[in-house]
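This report refers to the structure that appears directly beneath it.
The values are calculated or read from the model by the stated rules, or taken from the named source; none is laboratory data. Only a predicted model underlies this, so the values are computations on that prediction, with no experimental measurement involved. Glycine also receives a Cβ, built like all others from the backbone with ideal geometry; neighbour counts cover every protein chain displayed.
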Ligand code: ADP
Ligand code: DP6
C-alpha cells in the first residue's frame with residue numbers, strides 16, 4: 001500500500017534525501033521489450049547485484065525551481081538525459097500529488113553509459129531517493145515497477161544478491177517487477193570486471209540497441225525462445241549450489257544475446273579486440289581447471305563469474321590481457337537504500 005506524507009515548512013520544499021544503489025549484471029539478459037512506451041521487457045531476466053559498482057543520488061523538491069535539474073558526477077547532464085529523467089520524475093510527482101520540480105545530484109562511482117549498468121544503479125538510487133523526498137512510502141514491488149519505467153535493469157538493482165525480473169503479461173505492467181531470488185545455495189561469489197577501453201561512452205545505448213535488434217535481427221525470435229529455458233536452468237543451478245551449471249548458462253546466454261545483436265541490420269557490435277582476447281583467456285583458464293565463466297553486456301567489458309577463493313588469481317591473469325585497462329573484483333551487493341535525510345531550509349516533514 002502506498003501512503004503520501006505531506007510536507008510543511010516556510011519554503012514548502014522537501015527534505016534532501018540521499019540514496020545508494022549498486023549496479024547489477026544479468027546472468028540471463030534482458031534484451032528486447034514487449035511495450036516500449038511502458039518499458040515492459042519481452043522476457044524475464046536474472047541478475048547478480050554487485051558491491052563494486054555504486055551510485056549515490058541526492059534529491060530535493062523545491063518550489064523555487066521551474067524545471068527539474070540534474071547533475072551527474074558534478075556536471076549538468078545533456079538536455080536529452082535531463083528530459084528523460086524529468087519525464088520519469090513526472091511519475092513520482094503524479095503519485096505523490098506534488099507539483100514541485102526537483103534538484104537531483106548523482107554520482108556514479110564507475111564509468112557512465114559504458115556497459116557497466118549505470119542506468120540500473122542510477123534509476124534505482126533515484127527511485128529510492130525521489131520517492132522518499134516526495135513523501136511516498138511504496139512497497140518493494142511498487143518501487144520496482146516505478147524504477148523499471150526509468151530503466152528495465154533498475155527494477156533489479158533495488159535488491160541485493162540474485163534477483164529475478166518477471167516480464168508479466170498485464171498490459172499496464174502491473175505484474176512486471178523484480179524480486180530477490182530465494183533459496184540460493186551459492187555463497188561467496190565474486191564477479192571480476194575486466195574494463196576495456198578505459199570506460200569510454202559506448203556508441204549505442206542499450207535501449208536503442210535492443211529495439212533495433214528486436215526490429216531487424218533474424219535471430220531475435222530464437223533469442224526470445226531461449227530465455228525461459230535459461231532462466232529455469234539458472235534458477236535450478238543457484239538453488240542447487242551448482243556454480244559450474246550457472247556459469248555455463250550465463251556465458252551461453254550472453255553469447256546468444258550478442259549473436260542476436262550482431263545479426264541485426266546494420267549490426268550492433270559491442271565487442272572490441274580486447275573483449276575477444278578476454279573471452280578467449282577465460283576459456284583457456286577454464287580448460288586449465290579454473291572456475292570462471294564470462295558474460296558481456298551492452299559494452300566492451302568482460303565480467304567473469306567466479307568464487308571467492310579464485311578471484312585474486314584470476315584477476316591477476318585477466319589484467320595481463322592486452323587492452324584490458326583494469327580488473328575490479330566485486331562481491332555481492334545489497335539492495336538500494338536511503339543513507340541520509342536532511343531538512344531543506346526550515347521545511348520539515350511531518351512524521
Ligand atoms: P549503462 O551501460 O551504463 O547502463 P546505458 O546506455 O544503458 O548505459 O544507460 C546510460 C543512461 O542511464 C544515461 O544516459 C542516463 O540516462 C542514465 N543514467 C546513468 N547514470 C545515471 C544516474 N546516476 N542517475 C540517473 N540516470 C542515470
Ligand atoms: C545488456 O535496462 O539499460 O544490460 O530498459 O531500455 O533502460 P532500458 O534498458 P537497460 O538494458 C540492460 C541491457 C543489458 C542486459 C541486462 O541488464 O539484463
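Quick look at the values:
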quantity: Yes/no for residue 118 being near ligand 1 (Cβ under 7 Å from one of its atoms) and touching a helix residue (DSSP H, G or I) at 6+ places or on another chain (Cβ under 7 Å); calculated: no
quantity: Extreme residue, nearest to residue 93 (Cα to Cα), among residues of segment 129-156 that are away from ligand 1 (no atom under 14 Å from the Cβ) and without any contact (Cβ under 8 Å) to a residue 40 or more places away in the chain; calculated: 131
quantity: Search result, residues across segment 69-80 that are within 19 Å of residue 117 (Cβ to Cβ) and buried (at least 17 other Cβ atoms within 10 Å of the Cβ); calculated: 70, 72, 77
quantity: Which numbered condition residue 284 fails, given (1) buried (at least 19 other Cβ atoms within 10 Å of the Cβ); (2) free of Cβ contacts under 8 Å to residues at least 24 places away in the same chain; calculated: (1)
quantity: Candidates 102, 155 - the one that is outside any loop (DSSP other than H, G, I, E, B) and over 22 Å from residue 27 (Cα atoms); calculated: 102
quantity: Residues of segment 71-87 satisfying the condition of being within 16 Å of ligand 2 (Cβ to nearest atom) and closer than 23 Å to residue 22 by Cβ; calculated: 72, 77, 81, 84, 85
quantity: Segment 56-68 - residue that is over 14 Å from residue 129 (Cα atoms) and either within 16 Å of ligand 2 (Cβ to nearest atom) or buried (at least 18 other Cβ atoms within 10 Å of the Cβ) (or both) and, of those, nearest to the chain's Cα centre (by Cα); calculated: 68
quantity: Residues satisfying the stated conditions in segment 61-99, i.e. over 21 Å from residue 147 (Cβ atoms) and more than 10 Å from ligand 1 (Cβ to nearest atom); calculated: 62, 63, 64, 65, 66, 67, 74, 75, 76, 79, 99
quantity: Residues (out of contact with any helix residue (DSSP H, G or I) (no Cβ under 6 Å at 6 or more places or on another chain) and within 13 Å of ligand 2 (Cβ to nearest atom)) located in segment 124-144; calculated: 126
quantity: Options 114, 151; residue that is within 12 Å of ligand 2 (Cβ to nearest atom) and either farther than 27 Å from residue 43 by Cα or buried (at least 24 other Cβ atoms within 10 Å of the Cβ) (or both); calculated: 151
quantity: Pairs, first over 18 Å from residue 123 (Cβ atoms) in segment 95-106, second at pLDDT 95 or above and assigned to a strand (DSSP E or B), C-beta under 6 Å, six or more apart; calculated: 100/61
quantity: Counted residues, segment 244-263 - those being surrounded by fewer than 22 Cβ atoms within 10 Å (Cβ to Cβ) and farther than 19 Å from residue 280 by Cβ; calculated: 3
